[in-house]
Amino acid sequence: MVSVVNKEDIKKTFLDNLKITDKEYVIKVKQELDELEVTYEMGKNQLEWFYSMYINHKDEVGDTNNCNSWLMWALGLTTKKPDSDLIERRYYARSGLPDIDVDYDSRYRDLVKKLSNEAAGMDRMASIGTDGTLKLRSAFSRVAKGLDLAEAYNKGKTAFTTENEALVREILNTIPETKNGKLRGKINLSGDKDFDKEIDIVSINDAYKCLSSFRFYIDKYKAKNKDLLFHTSILEGGVCQRGVHAAGTILTHEDFKFHTPLFKNKDSYGTQFTADDVESLGFIKFDFLGLLTLSVLDYCVKLIKKRYDINIDIDNLPLDDKKTLELYRSGKLCGVFQCENHGMQESMVEIQPDRFEDISAVIALYRPGPMAYVSKYAAVKNGRENPDYFHPSIEKFTKPILGETYGIMVYQEDLMAVCQSLGKLDLIEAYDLIKGVSKKKIEIIEQYEKKFIKGALENGVDEKVSKMYWDRYIIPFANYSFNKAHSAFYGGISHATAYLKAHYPLEYFCSLLNITNEEKNKNDKVIEIIKDLKNFNIVLGEKKINECSAHYDIVQIEDPVLNIKKSVISPALMVKGIGQNAAEELSRNKPYKDIRDIAVKTKSNLVTKEAIQSLGEDGFFEAFKKMFYKKNKKRLSNEDIVAIFVQNREDNKKMDKFGIKKQEAFSMID
């Protein structure tokens, strides 16, 4: 690690490590370094430390998605070159420190964290602590038991617990639950039944106002001097457990004991301060993220190299590739990053992308809030509607900024530029506004609203018009607008997956199936991928225990109709209920004559009764069934197969006990 003592040394360190020599880009890097001096007092020594550690392990880590910086690109910390239309100084237009998100191949994410921890030392790297808080249901449950609603205290411990829990369930059942975990209810503020307002039920007070059946119980027990509403409202939001952020990490150049208390978390430490407190201390937060798609891309590129000896430069694919854009327009995007959702696929069909910028924009828009603007974007793009700039007095300030996105604010940069152009806020103030709205800081919102309206008035925009524009566009978009650099980076990954799917569908599907198959809760995803094979005329081979491997493979088979060889994807033995070790054990000991042979050849601790049951249900023993029927004129069910396997395993144990060789014993039986 380079020892840096002042800002000049920091600048020299970066300039000495640049990966580019082009004068134009070197000038841009130097301009950014000048901007970095402004933030020198905000802990940039940590950023330099992280860079030094990062560059030493360059071959072991993935790419950062924080690509809105010429400096980061020039140092080789990201493969995404900044777009020319990104707002200058966007990376530094903030009053606080940035969050650094780094996406790694999901297979190596834990290894990267481990290497980072070893490089830094346990006393200089820690996960960011989180406080688990009591929500409505858990807070209510604790209060109800504490007040002994069932009046069962004198009945003994078991009765006390059972009766109170039953009563809690009865009361909480009056609060509906939805799939996304959010509770919804209607509240009438006017007394007119036609003007009910739907709200999120997040507290006991919300539930009391919205749900008459819940209110009945609260009032009933309040009459018995058991005020559930009062006590639960006090308990709600209270800290009940300590944990760590799944990815959030902080690094320091000196021992943490000088900055924050820690707690032991398995093989590392977590901060006892949460994210906001850690940031206020001057730490930069790093998110170590595992991205499954990077694993798929790596697997596919290596498979293409193996089969065709072609080197695919995944970071420099042509963004205007016709076949790739046609795939987006077709909506056949199962397995394409950020486009797995059916709604996203429909949006791509509706928009009909003909340039990379459309892909990036849809990724930013297809989220709760801006999703409503997808159809508007499509209509204007395809000539069915004209762009709407809200008011003629505003158009001259917003059209130069929003023209590329058809009059729609898509990115945070759009919002910041509009605030700067129309409302005369500087970029730092615009960024503060975004953070203030996202954290619902009313005083910040009101402060910048006044300044925005005053600035718009100076630009000749009527106060009422600018106020309406603020309420309709600025505040909503500040709440859910997306970082353009982040969207462009994810768009690049999405484009890479679409490119491979369009040009090398066989290899891409094989890679996608194998990586997906290693994940938890994989079954539904695998089924959907297999369904999509038909859209690309790809055949999934027969499920035969003696011909399949642990993983999906591309194999050649004879086509009896055309009398030619064709490539198909051979199914994997690692199906639902079969772990990788069991699948590899089965593959390693092939071939098998029958079910008894599997019982003899495989290890009992790896290939279990449940594994055989799963393989049978998935159709891998059909050849054995046919062979059994041909020999015995009797059909063999999956239950029979499992029974034969279990019986032979028991027989194996007995033979081991008496020293009889298993193969000899079964030869005598045959």
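The values are calculated or read from the model by the stated rules, or taken from the named source; none is laboratory data. Values in this document were obtained by computation on a predicted structure and should not be read as measured data. FYI the Cβ positions are ideal-geometry reconstructions off the backbone, even for glycines, and counts take in every protein chain you see. For accessibility, only protein heavy atoms count, side chains too; no ligands or nucleic acids. Shrake-Rupley method; radii C 1.70, N 1.55, O 1.52, S 1.80 Å.
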Computed lengthening from Asp471 to Ile442, 0.36 nm per intervening residue step minus Cα-Cα distance: 9.1 nm
As a test of reading the structure, rank Asp16, Asp287 by solvent-accessible area (1.4 Å probe, protein chains only), most first. Asp16, Asp287
Cβ neighbours within 10 Å, averaged per peptide: list 233-242, 430-439 in order, most packed at the top. 430-439, 233-242
How would His342, His391, His495 rank on accessible area, largest to smallest, probe 1.4 Å? His342, His391, His495
How much accessible surface area, in Å² rounded to 10, belongs to the heavy atoms of Ser393 with a 1.4 Å probe? 30 Å²
5 Å is the cut-off here: which amide hydrogens, built 1.01 Å from N in the peptide plane, fall below it relative to Lys226, excluding neighbours closer than 5 in sequence? none
Taking one equal scatterer on every alpha-carbon of segment 358-483, how large is log10 of I(q)/I(0) by Debye at q = 0.19 1/Å? -1.03
Under a straight-distance cross-link criterion of Cα-Cα below 18 Å, which lysines are reachable from Lys543, leaving out those fewer than 8 residues away in the same chain? Lys531, Lys534, Lys566, Lys576, Lys590, Lys593, Lys625, Lys626
SASA check, Phe273, accessible area w/ 1.4 Å probe, all protein chains in place, rounded to nearest 10 Å², comes out at 70 Å²
Cross-link candidates for Lys28: which aspartates and glutamates have Cα within less than 12 Å, leaving aside residues fewer than 8 places away along the same chain? Glu88
Expressed in square angstrom to the nearest 10, the accessible area of Glu585 with a 1.4 Å probe stands at 10 Å²
Pull out the extension gain between Gln241 and Lys450, defined as 0.36 nm times the separation in residues minus the alpha carbon to alpha carbon distance; nm, one decimal. 71.1 nm
Over the Cα atoms, compute the radius of gyration (one decimal) and Dmax (the largest Cα-Cα distance, rounded to a whole number) for segment 267-410, in Å. 20.5, 61
Within straight cross-link reach of Lys264, meaning Cα distance under 18 Å, which lysines are found once same-chain residues fewer than 8 apart are removed? Lys113, Lys114
How long are the three semi-axes of the equivalent ellipsoid for segment 356-416, computed from the Cα gyration tensor as the root of 5 times each eigenvalue, in whole Å, largest first? 18, 14, 10
Which peptide among 256-262, 497-503 comes first, and what is the full order, when sorted by highest mean count of other Cβ atoms within 10 Å? 497-503, 256-262
Once the Cβ-Cβ distance between Arg215 and Ala159 is put in as r, and R0 is 35 Å, what FRET efficiency do you end up with, to the nearest 0.05? 0.80
